[in-house]
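**Q** One structure is given below, represented as structure tokens, and several questions about it will come after.
The values are calculated or read from the model by the stated rules, or taken from the named source; none is laboratory data. Remember, it's a predicted structure, so these values are computed and weren't measured experimentally. Every residue, glycine among them, receives a Cβ derived from its backbone with ideal geometry; neighbour counts consider all protein chains shown.
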Amino acid sequence: MTVSDLKFFFRPRAVAIIGASREEEKPGHVILANFLENKRKGRFKGEVYAVNPFVDEILGIKTYPTVLDIPDEVDLGVIVVPAKVVPKVMEDCGMKGVKGVIIISAGFSETGNVELEEKIKNIAFRYGVRIIGPNCIGIYDPYGGIDTFFLPVYKVLKDGRRIVSTPRPRRGYISLMSQSGAFGTAALDYMSGENIGMSSFVSYGNKADIDEADLLEYFAEDENTRAIMIYAESIERGRKFIEVASKVSLKKPIIALKAGRTSAGSRAAASHTAAMTGVDEIYEAAFKKAGVIRTYTTEEFFDAAKALAFQPPAKGRRVGIITDGGGAGVMTTDALETLGMEVPELTGETRRRLKELVEKGILPPFVTLGNPVDLTGSVTVEMYVETFRILMESDQIDIVIVLALHHVPGVADPIELVNELVEEARNFNKPVIACDIGGSQMAVMVREEFDKNFIPSYPSPERSAHAARALAEYGTYLRKKGVFEEYMKKWRPII
């Protein structure tokens, strides 16, 4: 079975929830409710079946004693039964001709029950059934309406308030695979809060069958995926992973967060998903060889992914900074140079054109024309836009960071500034990053407006610098492989 055939996990014509339950707090109830709700709203286009031998109906639909009793073909089975029952369910799925199963159930190798996990693998191999899991939360795909999370969107507090607990991100262009279901859930919560859209999410748990290499191959061909994120505690098929990642990274950026870097972290991972994490230096070398952008913190993980999904890779490491606050410019410069980026002095034609803006009265004589270009607290929208255009056209600059601090009086409507900069940026294939420091309603609104228009924005100079580093690292890898120009010819902005 080729990797392209994995599409039945994301676009099944029919899905069976095996272990569906009437009890609202049970995973089998929540997952069935997810699919029925998505079908009612037109998000899921396939048929939904419930399997439970002890009841006749759940949530208004007929239940079947086994998957074999379902009268139609079934592409995907979501298994939510006790571990000891899974082998029998796998036999039924194999005889039914089910193409793939997501085994939510835990109690396999992660608890030392290796024999039971081998048993279900052997059954799957015999019938040609592909497995995601076990010990996972499965798939969330907002384009296909797939939601196997047994975690409810809302929780009702004792005082009656209905609070969003496990949000599902909107449609977007980032796919995330996670060995840990708990981290994956927290990641989706984070992405939803940051208003970062998602293409697909896969929690693969013990990876009895499908692993990172398989999913990389699938997402490489997925038209909705522009960047691929990997949270991993171990990668068993190391050679295969490097082989696949080396090919995929020439087409789409891959960002990794590898946990279990320390000896204590390795022990924790082993008890969590039966992961043998290995020597961290080996992973470091493997990621570098395959063109995978490695990150070390949760914030950096998501910040890099957003930048790489929204913007083209950078041709080099030279950053131009535009600011209306000198201190913020200095902090950004420090953060960039600490990460090995360059903030060069502006000379030649670029410097001449900036001086010309002063001579024409567009910029006041007291602005600083070095790098950062400090437009001071007297800045206006026109000053930002004219300066921005010059840096975007400069052959001395590979990335532009705009510190659009919204507090200044000359920018009466900061959203107007965002819109003007967005329109100007669309004329170039040079990466742009925005930063507005603060937690006020206006600061959040400015950052959201940049993000909506696919200019990644951040609330601190340090996070902006990490995003710039990711764009430069990916561009450096593409140039090293001799495919940067070819990549840029194919790259198109998100409209």
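**Q** Identify all residues within segment 386-425 that are closer than 22 Å to A472 by Cβ and either of a type in the set (F, W, Y) or at pLDDT below 95 (or both); write none if there are none.
**A** F388, A404 - these are the residues of segment 386-425 that are closer than 22 Å to A472 by Cβ and either of a type in the set (F, W, Y) or at pLDDT below 95 (or both).
**Q** Next question, about the same structure. In this structure, does T323 turn out to be in contact with a helix residue (DSSP H, G or I) (Cβ under 8 Å, 6 or more places away or on another chain), over 20 Å from L478 (Cβ atoms) and loosely packed, with under 15 Cβ neighbours inside 10 Å? Spell out how you get there, then give the answer.
**A** Details: in contact with a helix residue (DSSP H, G or I) (Cβ under 8 Å, 6 or more places away or on another chain): yes; over 20 Å from L478 (Cβ atoms): yes; loosely packed, with under 15 Cβ neighbours inside 10 Å: no.
No; evaluated as a whole, the condition is false for this residue.
**Q** Let me ask you something else. Among residues belonging to segment 5-22 that are assigned to a helix (DSSP H, G or I) and charged (D, E, K, R), point out the one that is nearest to the chain's Cα centre (by Cα).
**A** Ranking the candidates gives K7 first.
**Q** Still on this structure, please answer the following. Looking at G329 and the list (1) out of contact with any strand residue (DSSP E or B) (no Cβ under 7 Å at 6 or more places or on another chain); (2) buried (at least 20 other Cβ atoms within 10 Å of the Cβ), which single condition is not satisfied?
**A** Only one criterion is unmet by G329, namely (1).
**Q** In addition: Which pairs have Cβ atoms under 7 Å, sit 6 or more apart or on different chains, and link a residue in segment 108-137 that is more than 12 Å from K84 (Cα to Cα) to one that is surrounded by fewer than 16 Cβ atoms within 10 Å (Cβ to Cβ)?
**A** From segment 108-137, the pairs are I123/P87; G128/M1; R130/M1.
**Q** Tell me, which residue of segment 169-209 that is over 13 Å from the mean Cα position of the chain (by Cα) and either of a type outside the set (G, A, S) or in the same structural domain as F35 (by TED's automatic domain parsing) (or both) is nearest to E223 (Cα to Cα)?
**A** Y204
**Q** Something else: So which residues in segment 79-105 are of a type outside the set (V, I, T), in a loop (DSSP other than H, G, I, E, B) and in contact with a strand residue (DSSP E or B) (Cβ under 9 Å, 6 or more places away or on another chain), if there are any at all? Working first, answer last.
**A** First, the residues of segment 79-105 that are of a type outside the set (V, I, T): 82-84, 87-88, 90-97, 99-100, 105.
Still in the running and in a loop (DSSP other than H, G, I, E, B): 82, 97, 99, 105.
Of everything in segment 79-105, those that are of a type outside the set (V, I, T), in a loop (DSSP other than H, G, I, E, B) and in contact with a strand residue (DSSP E or B) (Cβ under 9 Å, 6 or more places away or on another chain) turn out to be K99, S105.
**Q** Pick from segment 106-129 the residues that are out of contact with any helix residue (DSSP H, G or I) (no Cβ under 7 Å at 6 or more places or on another chain) and of a type in the set (D, E): which of them is farthest from G205 (Cα to Cα)?
**A** E115
**Q** Working only within segment 438-464, note down all residues that are in contact with a strand residue (DSSP E or B) (Cβ under 8 Å, 6 or more places away or on another chain) and of a type in the set (A, V, I, L, M).
**A** Passing the criteria: V446, I455.
**Q** Give the residues of segment 216-243 that are part of a loop (DSSP other than H, G, I, E, B) and over 15 Å from M198 (Cα atoms), sorted by residue number.
**A** Quick first cut of segment 216-243, residues part of a loop (DSSP other than H, G, I, E, B) only: 222-226, 233-237.
Scanning segment 216-243 gives E233, S234, I235, E236, R237.
**Q** Looking at (1) in contact with a Phe, Trp or Tyr (Cβ under 8 Å, 6 or more places away or on another chain); (2) among the polar types (S, T, N, Q); (3) part of a loop (DSSP other than H, G, I, E, B), which is the only condition N34 fails?
**A** N34 satisfies all of (1) in contact with a Phe, Trp or Tyr (Cβ under 8 Å, 6 or more places away or on another chain); (2) among the polar types (S, T, N, Q); (3) part of a loop (DSSP other than H, G, I, E, B) except (3).
**Q** Based on this model, can you work out whether A305 counts as under 19 Å from S203 (Cβ atoms), in the same structural domain as Y190 (by TED's automatic domain parsing), of a type in the set (G, A, S) and at pLDDT 95 or above? It would help to see each step written out before you state the result.
**A** On the way: under 19 Å from S203 (Cβ atoms): yes; in the same structural domain as Y190 (by TED's automatic domain parsing): yes; of a type in the set (G, A, S): yes; at pLDDT 95 or above: yes.
Yes: the conditions hold for A305.
**Q** What number of residues in segment 441-490 are closer than 28 Å to A285 by Cα and either out of contact with any Gly (no Cβ under 6 Å at 6 or more places or on another chain) or of a type in the set (V, I, T) (or both)? Spell out the reasoning first.
**A** We begin by selecting, within segment 441-490, every residue closer than 28 Å to A285 by Cα; these are 462-488.
Next, from what is left, pick out any that are either out of contact with any Gly (no Cβ under 6 Å at 6 or more places or on another chain) or of a type in the set (V, I, T) (or both): 462-476, 478-488.
Matching residues across segment 441-490 total 26.
**Q** Here's a follow-up. Which condition number does N419 fail, the rest of (1) buried (at least 17 other Cβ atoms within 10 Å of the Cβ); (2) of a type in the set (S, T, N, Q); (3) more than 24 Å from R317 (Cα to Cα) being met?
**A** Every listed condition holds for N419 apart from (1).
**Q** Could you grab me the full set of residues in segment 253-290 that are at pLDDT below 95 and aromatic (F, W, Y)?
**A** Scanning segment 253-290 gives a single hit, Y283.
**Q** A further question on this structure: Please find, among P461, P456, the residue that is closer than 21 Å to G370 by Cα and either outside the structural domain of A245 (by TED's automatic domain parsing) or surrounded by fewer than 20 Cβ atoms within 10 Å (Cβ to Cβ) (or both). Before you say what the answer is, go through the steps one by one.
**A** Values: P456 fails: closer than 21 Å to G370 by Cα.
The unique qualifying residue is P461.
**Q** Moving on. What residue, of G205, G160, is free of Cβ contacts under 8 Å to residues at least 40 places away in the same chain, in a loop (DSSP other than H, G, I, E, B) and not basic (K, R)?
**A** On the way: G205 fails: free of Cβ contacts under 8 Å to residues at least 40 places away in the same chain.
Step by step, each of G205, G160 is checked, and only G160 is free of Cβ contacts under 8 Å to residues at least 40 places away in the same chain, in a loop (DSSP other than H, G, I, E, B) and not basic (K, R).
**Q** Looking for something surrounded by 24 or more Cβ atoms within 10 Å (Cβ to Cβ), of a type in the set (A, V, I, L, M, F, W, C) and more than 17 Å from S105 (Cα to Cα) - is there at least one such residue anywhere in segment 30-37?
**A** yes
**Q** Also, quick follow-up: Answer with yes or no whether G316 is at pLDDT 95 or above and either among the acidic types (D, E) or not in a helix (DSSP H, G or I) (or both). If you could, list the steps in order and put the result at the bottom.
**A** On the way: at pLDDT 95 or above: yes; either among the acidic types (D, E) or not in a helix (DSSP H, G or I) (or both): yes.
Here the answer is yes, as G316 does meet what is asked.
**Q** Which condition number in (1) in contact (Cβ under 8 Å) with a residue 40 or more places away in the chain; (2) surrounded by 22 or more Cβ atoms within 10 Å (Cβ to Cβ); (3) assigned to a helix (DSSP H, G or I) is the one that I401 fails?
**A** Unmet condition: (3).
**Q** Give me the pairs: first residue in segment 62-82 and surrounded by fewer than 18 Cβ atoms within 10 Å (Cβ to Cβ), second residue among the basic types (K, R), beta-carbon distance under 8 Å, and six or more apart or on different chains, which are they?
**A** Going by the 8 Å Cβ cut-off, the qualifying pairs are L68/K96; E73/R13.
**Q** Would you point out which residue out of S178, S200, S192 is farther than 23 Å from L478 by Cβ, surrounded by fewer than 24 Cβ atoms within 10 Å (Cβ to Cβ), out of contact with any Cys (no Cβ under 7 Å at 6 or more places or on another chain) and not β-branched (V, I, T)? Walk me through it before giving the result.
**A** Details: S178 fails: surrounded by fewer than 24 Cβ atoms within 10 Å (Cβ to Cβ); S200 fails: surrounded by fewer than 24 Cβ atoms within 10 Å (Cβ to Cβ).
Selected residue: S192, the only one of S178, S200, S192 that is farther than 23 Å from L478 by Cβ, surrounded by fewer than 24 Cβ atoms within 10 Å (Cβ to Cβ), out of contact with any Cys (no Cβ under 7 Å at 6 or more places or on another chain) and not β-branched (V, I, T).
**Q** OK, next. Using the structure shown, decide if A124 is in the same structural domain as L36 (by TED's automatic domain parsing), in a helix (DSSP H, G or I) and small (G, A, S). Even if it seems obvious, please write down each step before you answer.
**A** Details: in the same structural domain as L36 (by TED's automatic domain parsing): yes; in a helix (DSSP H, G or I): yes; small (G, A, S): yes.
In short, yes.
**Q** Could you tell me whether segment 417-428 includes any residue that is in contact with an Asp or Glu (Cβ under 6 Å, 6 or more places away or on another chain) and part of a helix (DSSP H, G or I)?
**A** Taking segment 417-428 and keeping what is in contact with an Asp or Glu (Cβ under 6 Å, 6 or more places away or on another chain), we get 418.
After this cut, where a residue has to be part of a helix (DSSP H, G or I) as well, the list is 418.
Looking through segment 417-428, at least one residue is in contact with an Asp or Glu (Cβ under 6 Å, 6 or more places away or on another chain) and part of a helix (DSSP H, G or I).
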